[in-house]
Amino acid sequence: MDAFGLLFFFSDEFDESDVVAMEEFVNSCPSHPSWPDVPVEFVDHVDDTELTNPEDVPVRTVGGFLSIPRAVDNKSDEQERKTLDQLIEALIRFTKTRSCEIELELDRELVGNIKNGVPSKSLLLGLLGMQHDE
């Protein structure tokens, strides 16, 4: 992804039913009212650029991407935070229901994961800025 934003994707084994569930999840994510042209996009990408041996397997990334406009003032920064919070809360519910693990990257940097409905400490402290005891 070239745009600044939040990428979330399965980080453990998944099957086609998980892919369908993720696409349905992404399609159910409403775009934020202040960002009407920035919906969450479904991601299903196969990267086979680094396959050097016949037994190598391509890497498939399945998840979603939310473009995030750079905050220009405190009000837009607050809206951005609210949108991220809502998306992460929905991802927590999704991973609990699907019994899966999702990793999250903000601007290509890993910020944490959510496994079976439990967000990692790095996600809570970093991206969400919450205090949480795991």
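With both labels modelled 7 Å from their Cα along Cα-to-Cβ, the ASN53 to SER122 distance reads 2.7 nm. Amide H contacts under 5 Å for SER11: GLU101, ILE102, GLU103, restricted to partners 5 or more places along the chain or on a different chain, H placed in the peptide plane at 1.01 Å from N.
All of the numbers you see were taken from the coordinates with simple rules; none came from a lab. Remember, it's a predicted structure, so these values are computed and weren't measured experimentally. Positions of Cβ are generated from backbone atoms using ideal geometry, with glycine treated the same way; all protein chains shown enter the neighbour counts.
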